[in-house]
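S.K.: If you scroll down you'll find the structure; I have some questions about it.
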Amino acid sequence: MPIVAIAYFLFLFSPVLLLALGSFGESWSNTLLPTGFTWRWYEEVAADPSFRRAFVTSLQIVGITCALNVLIGLPLAYAIQVGAKGGMRFAARLVTLLPVAVPDLVLAFGFILVFSSDQLPWLGSFWLLAAGHLVLTLPYTVTALVADMEQLRLDEYEHAAATLGAPFLARIRDIVFPLLSPSLVSSMLTVAALSIGEFQLSNLIAGFLSRPYPVVLLQAFYGATGFACAATIVLLLLATLASLASSLTSRLSKTKKEAAA
Amino acid sequence: MTLRYENVSFTYPGAKAGIFDISLEIGKGELLAIIGASGSGKSTILKLLAGFVSPDRGRIVIDEKDVSALSPEARRLGVVFQNYALFPHMRLWENVAYPLKVRGVSKTERRNCAVEMLDRVGMKSRADDLPAALSGGQQQRVALARALVFEPQGLLLDEPLSALDASLRVEMRDEILRVQRASGIATLLVTHDQEEALSIADKIAVMRDGRLIQLGTPRELYETPADAYVAGFVGQSNLWPGMIRADGVVETGIGSLACDTRGHKPGDAVTVFIRPERIVPSFDGAQQSADAGRAGGYFSGSVAADRYLGPIRRIDLNVQGGLIRLETHLRDAVTSVHVPADAIRLLPAN
């Protein structure tokens, strides 16, 4: 069994390892591994204006997607948890999960059809890209928050707070937010990881000046191998950081839930 | 302050379950327990008073004011939940002080009040701990302190002891009663544990299928149950189908029994009811039975079950035509019993 596990691990990580090696290799052509050592590719990525702009765009899209997820996802999850019962609850969950089931390509074609019309000529705009990322990531936020609200027995705490005299806003401020904050942070980091790496939808609906990092990255592979590897490693680092932070906060959230149970 | 249900009915949307035409009153300082099997509607009674659901018909009245349409936060009722519902992210004093915080009391003042309240339930030394560090019994005390700190108009206890160990349950039962008596507050206790209700309630309401079957003091319920359901639900009982044979004599499966048959006429179907502890072991029963006959209330048989419960034994005695359950503190073998005429009550036939 350990041999199988090691083989599987190598299979998964060898492309990443090769990318990392390639990003520091001076040249890599017609050899199994790159030769020489250089920081040059990273310096070139950092100096490239289109990559710099794409990097900033990606961070802006991630920030806005996370903010919109909190502003829309949290009330939506709360409404599903507190208000929706029976069939209505099932329907609400289905609608929120639909974007996960629909291929990104189909979503992108839908965006192109709707937002390239004269009435809604927003295709290629920054805000439409943010909206696209929101549609793709919202199901993860809502599903995670609804599940955590159930596990935390949030309704019981809210009932208790209500009987103690707390009006709705006080309950949200004193009970819902503090109890849900680790779940919320964990969800936002997941959303960030998803948004950073999103390519299919972005590639089809982003405008020339609003291209996020993964879309620009594709072009790097038409140039020098070392540059492409370095550019990919930058993206990989960002996504890994978000995933690691998400896992850590998720653990913190679990500890809190266990304390609540 | 009194808490009152006036002809209250409520059914859950899309279901037949609910409560029907309930009228109850809990006076100042009184503890009313609602008991019943699962699905009998006892929790719905509490939810209606707390304001978690609104009645379809009737009124909920607190201190002579109709509060049927008021939200839970506007009713000023302290509730102790089954799982305590202490806020896990707040320290104990913050939990207890929370009702004061939402009422705008200053931090210093509310901390003093909370610590004083924690002192009343013996938890002052743990004021700065988080709820997760406490045992079930300790959480129960804190929940009680939190429910009472803002001097509510009534106290609602939702199965408050069900999550505790049996040994701790008795201790907490006494603690709840002590604090409730000291506060002099109208209290509603919802429980499925009839022993808990009998031991601390001033009055008990028995629910069945959403309806109030009987309301009375623990003694009334135990001694004079309204029907066989109440008799069977509250405590242990012998319940035999019977028919009045003549004045003062009822015929049952185990034989004729002498008893007070006033209010019944010969031929009436009844349920014969007697508590197991009223059945008397008879060590020369075989002889007495032979002398007095079965109508004399003497029965002999074989032991079907003999349960050792510490201070008492609960014995099922197989006699001709049925089974007699008795409870005795005696340790000797029991094969004969006497069913005293004055211990028998006649209940409506099922």
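Readers should treat all values here as calculations from the given coordinates under stated rules, not as data from a laboratory. Note that the structure is predicted; figures quoted are calculated from it, not measured. As a convention, Cβ positions derive from the backbone with ideal geometry for all residues, glycine included, and neighbour counts pool all protein chains shown.
S.K.: Sequence-distant or interchain residues sharing an amide H contact under 5 Å with B:R245, placed H: which?
M.R.: Amide H to amide H, under 5 Å and 5 or more residues apart or across chains, B:R245 pairs with B:V250, B:E251, B:G267.
S.K.: If a/c stays under 1.5 just call it rounded; otherwise compare a/b with b/c (prolate if a/b is bigger, oblate if not). Do that for region B:44-83, with a ≥ b ≥ c from the square roots of the Cα gyration tensor eigenvalues.
M.R.: Note, shape of region B:44-83 comes out oblate.
S.K.: Under the definition of Cα pairs under 8 Å and six or more residues apart, what whole-number percent is the relative contact order of chain A?
M.R.: Once normalised by length, the contact order is 29 percent.
S.K.: Among the DSSP beta bridges whose two residues both lie in the protein assembly as shown, what percent are antiparallel, rounded to the nearest 5?
M.R.: The answer is about 75 percent antiparallel.
S.K.: Let me ask another. Just report the Cα centroid separation between region B:1-75 and region B:93-111, whole Å.
M.R.: The distance from the Cα centre of region B:1-75 to that of region B:93-111 comes to 29 Å.
S.K.: Ranked highest first by the average count of other Cβ atoms within 10 Å around their residues, in what order do A:145-156, B:56-67, A:130-141 fall?
M.R.: Descending packing order for the listed peptides: A:130-141, A:145-156, B:56-67.
S.K.: I would also like to ask the following. Across the residues of B:88-98, average count of Cβ atoms on other protein chains within 10 Å?
M.R.: 3
S.K.: Okay, helix-only estimate at 222 nm for chain A: each DSSP H run of n ≥ 4 adds -39500 (n - 2.57), divide by all residues, round to 500 deg cm²/dmol; what do you get?
M.R.: -25000 deg cm²/dmol
S.K.: State, as an integer percentage, the relative contact order of chain B based on alpha-carbon contacts under 8 Å between residues 6 or more apart.
M.R.: 16
S.K.: Right, another one. Which angle between 0 and 90 degrees, to the nearest 10, do you get for helix B:136-148 versus the longest principal axis of chain B when only C-alpha atoms count?
M.R.: Once rounded, one gets 60 degrees.
S.K.: In addition: Any idea how far the Cα center of region B:220-242 sits from the one of region A:75-99, in Å?
M.R.: Centre-to-centre distance over Cα atoms comes out at 48 Å.
S.K.: Could I ask something else about it? Test of understanding: in a Gaussian network model of chain A with alpha carbons linked when under 10 Å, which of A:L217, A:L237, A:L74 would top the mean-square fluctuation ranking?
M.R.: Top of the fluctuation ranking is A:L237.
S.K.: Another question, if that's okay. Could you work out how much longer the chain between B:S135 and B:A269 gets when fully extended? Use 0.36 nm per residue separation minus the Cα distance between them, nm to one decimal.
M.R.: Full extension from B:S135 to B:A269 adds 43.0 nm.
S.K.: Considering only B:Y222, B:Y98, B:Y308, give the residue with the highest GNM mean-square fluctuation for chain B, with springs between Cα atoms whenever their separation is below 10 Å.
M.R.: B:Y308
S.K.: Shape verdict for chain A, please, from the Cα gyration tensor: rounded (a/c under 1.5), prolate (a/b greater than b/c) or oblate.
M.R.: Taking the square roots of the gyration eigenvalues as a ≥ b ≥ c, chain A is prolate.
S.K.: When the chain is fully extended, how far beyond the present Cα-Cα distance does A:L241 get from A:F199, taking 0.36 nm per residue of separation?
M.R.: Taking 0.36 nm per residue and subtracting the Cα distance, the gain is 13.3 nm.
S.K.: Report the relative contact order of region B:34-75, percent, no decimals, based on alpha-carbon pairs under 8 angstrom and at least 6 residues apart.
M.R.: 29
S.K.: Right, next: Can you give the mean number of other chain Cβ atoms that lie within 10 Å of the Cβ atoms in peptide A:152-161?
M.R.: What the average comes to for A:152-161 is 5.
S.K.: In a Gaussian network model over chain A where Cα atoms closer than 10 Å are linked, find which of A:P99, A:P34, A:P214 has the largest mean-square fluctuation.
M.R.: Checking each option, the largest mean-square fluctuation is seen for A:P34.
S.K.: Helices from chain A with mean Kyte-Doolittle at least 0.5 and a Cα length along the axis of 18 Å or more, per DSSP H: which?
M.R.: A:2-24, A:49-68, A:86-101, A:126-152, A:177-197, A:225-260
S.K.: Does the protein assembly as shown come out rounded, prolate or oblate by the C-alpha gyration tensor, with a ≥ b ≥ c the root eigenvalues, rounded set by a/c under 1.5 and, if not, prolate when a/b is larger than b/c and oblate if not?
M.R.: The shape class here is prolate.
S.K.: Sticking with this structure for a sec: Calculate, for B:S125 and B:R103, the FRET efficiency according to 1/(1 + (r/R0)^6) with r their C-beta to C-beta distance and R0 35 Å; round to the nearest 0.05.
M.R.: Rounded to the nearest 0.05, the efficiency is 0.85.
S.K.: Take peptide B:74-82, look around each residue's Cβ out to 10 angstrom, count Cβ atoms belonging to other protein chains, and average those counts.
M.R.: Other-chain Cβ atoms within 10 Å of each residue's Cβ, averaged: 3.
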